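The values are calculated or read from the model by the stated rules, or taken from the named source; none is laboratory data. As the structure is a computational prediction, the values presented were derived from the model and not from experiment. Note: ideal-geometry Cβ built from the backbone for every residue, glycine included; neighbour counts use all protein chains shown. Just so you know, the surface numbers come from the protein's heavy atoms only, side chains and all, with ligands and any DNA or RNA stripped out. Shrake-Rupley method; radii C 1.70, N 1.55, O 1.52, S 1.80 Å.
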Amino acid sequence: MSLRLRLALFGAGVVALALVLFGALLYALLARGVTTNQDDALRTRAQQAVASLNASPGVVEAQPVAPADLRTSTDVFVEVFDPGWTLLYTTATPAVAPQSHGTGFVTQGGFRLYALRFDSGYVVAGQSTKVPQSSLSGIVVFLVVSAVPALVAALLASWLVAGRALAPLKAVASAAEDIGMKRDFGRRLTTGRSRDEVARLAASFNGMLSGLQDAYESQRRFVADASHELRTPLTTIQGNAGLLANRSVAGDVRDAAIADIGAESARMARLVDRLLTLARADSGLRLELAPVRMRPLVEEVCRQAGSTRPDMNLDVSAVEATVNGDEDSLRQLVWILLDNAFRHAGTAIDVRLFVEPGWARLAVIDDGPGVAPTERERIFQRFYRSDTSRTGEHAGLGLSIARWIVDQHHGRITVGAGGTGGAAFLVDLPLLPTS
């Protein structure tokens, strides 16, 4: 069942419920009014009979010429009884006497009776209960007959209104289907000038398309850049492998080819490892955080990194600081910053770990060419390369991973200018109170 049909049926159902409630209320009011009118008529007729009897006591001796047949007649009839409830006079046959032998209203045997006492006995005015029932039956028929076209009109109106209201949603669905088939993520829906729910839906859908387009373009760039980065070491490895296959190659050339293959293989391994890290980040990986002492971690990583570059002047200064973090990821963060500094530094790198109110700050400063102010945000994008002075044989993934690690630790990472003109990478991590 379509949504339009369900809405139309719902609208018709609401109208039907309203008609039922209105009919029930109207029936109750009219039923009460009909009964009251009958009682008023009977009371008035009885009072008129009593007045006539008091004025002419001998009238009860005469009998009516053509008494009404109560089996078919619905007219008001009058009966006169003596004090012992013996019938003296009646305008209808067969006679009906109140079984309670009292005054007031009573309903019995399909008749509504009203007994009124006077000086010589009792006067009873009565009428068949079919009179109000007949009136009410006519009202019920009228309500039912008038409700049918009202329901049909409500169903038709609900169908038209639902169709008009759902037309923009149908357009959104058609556009979404067309965009999915053509993969045209640059297309946008027309929101119009209204501010209703459909307009907000179209605006939200356009926002989703913008995000989807950005993600799609980012994925395309990611695949293209990854393919490019992998192609270079693969070409080097293939060329050197072909060279080694030639047995006439000199020993020094063979050694150089083997070294190139090892270096390019290590480079590919680092690239694949970083790609896997970013893939896990994209899949929603969340690090489990625990208290980590930063001073021994920074000093150990710096010692290991310094042994790989003995030609570099690496100066380390660290104070005690405890953060809530993942130790392996924090080690990777320090390695990434040091690896970036080693590539661009001239002769010296300074590593500082100090404490500021509420934060543990790690600073890695090199004496290289630095980063231009216009590039300081974009260098954290995947595969981004800054100016040629800071570009080398690297994939441009490290700083992107560093930002993800810092974000997972609820911190911040920025880059500025160092005191010697080089780059200064600053990482702020929330400090635990125990620090």
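Structural remarks
Okay, residues lined up against (1) over 30 Å from Ala153 (Cα atoms); (2) modelled with pLDDT of 85 or more:
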residue	(1), (2)
Leu25	no, yes
Leu42	yes, yes
Arg71	yes, no
Thr86	yes, yes
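- Once the stretch 19-37 is narrowed to residues that are in contact with a helix residue (DSSP H, G or I) (Cβ under 7 Å, 6 or more places away or on another chain) and of a type in the set (Ser, Thr, Tyr), the residue that is most open to solvent (accessible area, probe 1.4 Å) is Tyr27.
- Qualifying residue in the stretch 320-337 (condition: farther than 21 Å from Leu289 by Cα and over 43 Å from the mean Cα position of the chain (by Cα)): no
- Criterion (closer than 23 Å to Tyr27 by Cα, at pLDDT below 85 and of a type in the set (Gly, Ala, Ser)) met by exactly one of Ser120, Ser135, Ser128, Ser100: Ser135
- Unmet requirement for Trp159, which otherwise passes all of (1) in contact with a strand residue (DSSP E or B) (Cβ under 6 Å, 6 or more places away or on another chain); (2) assigned to a helix (DSSP H, G or I): (1)
- Among residues of the stretch 402-427 that are closer than 13 Å to Ile336 by Cα, those with a Cβ under 6 angstrom from a residue that is among the polar types (S, T, N, Q) and open to solvent by less than 40 Å² (accessible area, probe 1.4 Å), sequence gap 6+ or separate chain, pair up as Ile405/Ser329.
- Condition check for Val351: modelled with pLDDT of 85 or more, crowded, with 21+ Cβ neighbours inside 10 Å, out of contact with any Phe, Trp or Tyr (no Cβ under 9 Å at 6 or more places or on another chain) and among the aliphatic types (A, V, I, L, M): yes
- Within the stretch 286-323, the set of residues being part of a strand (DSSP E or B) and either in contact with a strand residue (DSSP E or B) (Cβ under 6 Å, 6 or more places away or on another chain) or modelled with pLDDT under 90 (or both) comprises Pro291, Val292, Arg293, Asn313, Leu314, Asp315, Val316, Ser317, Ala318, Thr322, Val323.
- Contact map, the stretch 152-179: residues that are over 17 Å from Leu209 (Cα atoms) and modelled with pLDDT under 80 paired with residues that are open to solvent by 60 Å² or more (accessible area, probe 1.4 Å) and not polar (S, T, N, Q), Cβ distance under 6 Å, separation 6+ or inter-chain. Pairs shown: Leu166/Arg4.
- The set of residues in the stretch 231-269 that are closer than 30 Å to Gly398 by Cβ and among the aliphatic types (A, V, I, L, M) comprises Leu234, Ile237, Ala241, Ala256, Ala257, Ile258, Ala259, Ile261, Ala263, Ala266, Met268, Ala269.
- Looking only at residues in the stretch 357-382 that are open to solvent by 20 Å² or more (accessible area, probe 1.4 Å), in contact (Cβ under 8 Å) with a residue 24 or more places away in the chain and in contact with a helix residue (DSSP H, G or I) (Cβ under 7 Å, 6 or more places away or on another chain), the one that is farthest from Val316 (Cα to Cα) is Arg382.
- Condition met for Thr434 (surrounded by fewer than 18 Cβ atoms within 10 Å (Cβ to Cβ), out of contact with any Cys (no Cβ under 7 Å at 6 or more places or on another chain), over 18 Å from Arg280 (Cα atoms) and modelled with pLDDT of 90 or more): no
Residue by residue, here is whether (1) loosely packed, with under 12 Cβ neighbours inside 10 Å; (2) in contact with a helix residue (DSSP H, G or I) (Cβ under 9 Å, 6 or more places away or on another chain); (3) closer than 20 Å to Leu136 by Cβ holds:
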residue: Ala12; (1), (2), (3): no, yes, no
residue: Leu17; (1), (2), (3): yes, no, no
residue: Leu70; (1), (2), (3): no, no, no
residue: Val80; (1), (2), (3): no, yes, no
residue: Tyr89; (1), (2), (3): no, yes, no
residue: His101; (1), (2), (3): yes, no, no
residue: Phe111; (1), (2), (3): no, no, yes
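- Scope the stretch 378-431; condition charged (D, E, K, R) and modelled with pLDDT of 85 or more; matching residues: Arg403, Asp407, Arg412, Asp428
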